[in-house]
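To start, the structure itself, in structure tokens.
Computed from the coordinates by the stated procedures, all read-outs in this text should not be read as laboratory data. Please read these numbers as outputs of a predicted model, since none were measured by experiment. Neighbour counts run over all protein chains shown; Cβ positions are idealised from the backbone, glycine included.
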Amino acid sequence: MWRSEICLALATLALFLFASALADDVAVLTEENFEKEVGQDRGSLVEFYAPWCGHCKKLAPEYEKLGASFKKAKSVLIGKVDCDEHKGVCSKYGVSGYPTIQWFPKGSLEPKKYEGARTAEALAEFVNNEGGTSVKLAAVPSDVVVLTPDNFNEIVLDEAKDVLVEFYAPWCGHCKNLAPIYEKVATAFKLEEHVAIANVDADKYRDLGEKYGVSGFPTLKFFPKNNKAGEDYDGGRDLDDFVTFINEKCATSRDAKGQLTFKAGIVETLDSLVKEFISAEGEEKKAVFSRLEEEAEKLKGSTARYGKIYVKAAKSCMEKGSDYAKNEIQRLDRMLAKSISEAKADEFTLKKNILSTFA
């Protein structure tokens with residue numbers, strides 16, 4: 001019996017991983033799934049790329065826009081293969097440089113090489129011609145705040161916000177390479193009310209660039225709540241570099257996907273009181289609870305919200321018994337496993353993290 005259960009579990013996991021690979025706007029193709037998806041009942045446009053390739057990075061935002069536009073077109077697949085990870089597939093189809101873009105007609109694994117311009121518009125025209133579709137490019141929503149002379153001071157100099165600003169030029173190759181990464185940074189922190197990830201066309205609005213000493217593109221400056229003169233950002237330009245920087249500077253706790261980490265909501269001064277609260281009994285427990293309430297009331301800003309959760313958790317533990325925290329964490333885990341809004345996921349994660357200090 002246990003063997004069949006293990007097989008079922010492995011099959012479910014494999015199905016989950018396969019579905020995850022196709023969940024994005026651009027399907028992630030591998031040696032395992034390539035011929036299951038390509039050359040079947042729909043035409044496929046496939047980009048063969050390498051993660052370190054500058055031309056691939058430049059193409060990335062255009063290709064993602066293409067993928068978003070054709071996501072609902074059932075007769076066409078927009079996919080990509082990482083040739084560093086899946087050399088066998090790339091070798092099989094004669095890939096010798098990056099990026100290589102090939103069209104695989106419906107029912108065929110004999111590709112036609114794409115030789116056109118590497119823009120979303122040109123790629124969409126090619127796919128429509130080859131696939132017999134009439135898809136129009138979708139406007140891809142952005143979480144990056146676009147700055148102009150009209151709103152720059154209102155947003156950047158707001159002393160209630162920490163703001164990261166990219167000064168860029170539309171023609172700048174390095175700026176184009178940074179664009180998809182910067183967009184992911186903005187998406188990761190979009191639910192943080194006091195954090196803004198912004199950019200400004202410093203070629204169009206040169207006075208703004210000159211005011212802040214911009215002499216090359218892209219230039220990144222950080223404007224924290226307590227220093228609206230701005231600080232140069234000299235860190236790395238990978239997604240994880242930006243996420244680490246924002247978390248350290250803005251007291252946030254997000255991962256690269258924008259989800260709250262296990263540290264989110266934790267307040268050290270209250271944690272020490274929770275330890276006392278757990279070990280205390282009777283009247284002593286009530287006394288520690290009162291101290292916890294007093295400390296929570298002293299908190300300001302976003303931590304004031306966390307303080308309220310601590311107090312509510314402590315009160316529930318007194319009323320419902322020592323197993324309350326463990327049972328509530330299990331309930332929250334079940335809720336988090338469901339399809340819920342990002343805001344709800346944040347709310348449940350904060351509660352879970354704080355309850356874990358009581359468990």
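Check each of the trypsin sites (Lys or Arg not before Pro) in region 255-359 and keep only those in coil by DSSP with at most 13 other C-beta atoms within 10 angstrom; list them in order.
Within region 255-359, the qualifying trypsin sites (Lys or Arg not before Pro) (loop, at most 13 other Cβ atoms within 10 Å) are Lys257, Lys263, Lys300, Lys338.
Out of all DSSP beta bridges with both ends in region 30-100, state the antiparallel percent to the nearest 5.
Values: 1 of 8 bridges.
Around 10 percent of the beta bridges assigned by DSSP in region 30-100 are antiparallel ones.
Rg and Dmax of region 29-88 over Cα atoms: what are they, in angstrom?
When restricted to the Cα atoms of region 29-88, Rg and Dmax are 12.0, 33 Å.
Note the angle between two axes, namely the Cα long axis of helix 2-21 and the longest principal axis of the Cα atoms of the chain, as a number of degrees from 0 to 90, rounded to the nearest 10.
70
Once amide H atoms are built 1.01 Å from N in the peptide plane, which residues 5 or more positions from Arg42, or in another chain, come under 5 Å H to H?
Placed amide hydrogens put Gly107 under 5 Å from Arg42.
Identify the chymotrypsin sites (Phe, Trp or Tyr not before Pro) of region 244-329 meeting these criteria: DSSP loop state and at most 12 other C-beta atoms within 10 Å of the C-beta. Walk me through the intermediate numbers first.
On the way: sites: Phe245, Phe262, Phe277, Phe289, Tyr306, Tyr310, Tyr324; in loops: Phe262.
Here the sparse-neighbourhood loop sites are Phe262.
Give me the percent relative contact order of the chain, please, defined on Cα pairs under 8 angstrom at least 6 residues apart.
On the way: 509 pairs, mean separation 41.4, N = 359.
About 12 percent, as a whole number.
When N is the residue count of the chain, what does its C-alpha Rg come to as a fraction of 2.2 N^0.38 Å? Present the calculation step by step, with values, prior to reporting the outcome.
Values: Rg = 25.4 Å, N = 359, 2.2 N^0.38 = 20.6 Å.
So the chain has a normalised radius of gyration of 1.23.
Working from Cα positions, state the angle (0 to 90°, nearest 10) between the long axis of helix 239-250 and the longest principal axis of the chain.
Tilt of helix 239-250: around 30 degrees.
Straight-line reach from Lys320: which lysines have a Cα under 28 Å away, not including same-chain ones fewer than 8 places off?
Lys263, Lys275, Lys285, Lys286, Lys298, Lys308, Lys312, Lys338, Lys344, Lys351, Lys352
Based on C-alpha coordinates, I'd like the Rg and Dmax of region 58-182, in Å.
Values for region 58-182 (Cα only, Rg and Dmax): 18.6, 59 Å.
Trypsin sites (Lys or Arg not before Pro) within region 102-138: which are DSSP loop residues with at most 11 other Cβ atoms inside 10 Å?
Working: sites: Lys106, Lys112, Lys113, Arg118, Lys136; in loops: Lys106, Arg118, Lys136.
Here the trypsin sites (Lys or Arg not before Pro) that fit, given the DSSP loop and packing criteria, are Lys136.
Could you pull out every residue, at least 5 positions away or on a different chain, whose amide H is within less than 5 Å of the one on Tyr233? Hs are placed 1.01 Å off N in the peptide plane, and Pro or chain starts have none.
Leu220, Lys221, Phe222
Quick one: in region 89-144, what % of C-alpha pairs are over 13 Å apart?
Values: 1040 of 1540 pairs.
Tail of the P(r) past 13 Å holds 68 percent of the pairs.
Nearest 20 debye, what's the magnitude of the dipole of region 267-347 about its Cα centre given +1 on Lys and Arg Cβ and -1 on Asp and Glu Cβ? Please list the in-between numbers first.
Values: 16 positive and 17 negative charges, 67 e Å.
The dipole of region 267-347 has a size of about 320 debye.
Give me the three principal axis extents of region 297-354 from the C-alpha atoms, as integers in angstrom, largest value leading.
35, 30, 12
Using alpha carbons only, how many degrees (0 to 90, rounded to 10) separate the axis of helix 54-70 from the longest principal axis of the chain?
The answer is roughly 90 degrees.
Report, for the chain, the % of DSSP beta bridges that are antiparallel, rounded to 5.
Numbers: 15 of 35 bridges.
If we restrict to bridges inside the chain, about 45 percent are antiparallel.
Could you work out how much longer the chain between Lys211 and Glu110 gets when fully extended? Use 0.36 nm per residue separation minus the Cα distance between them, nm to one decimal. Could the numbers behind the result be given before it?
Values: separation 101, 0.36 × 101 = 36.36 nm, distance 5.56 nm.
Roughly 30.8 nm would be gained on extension.
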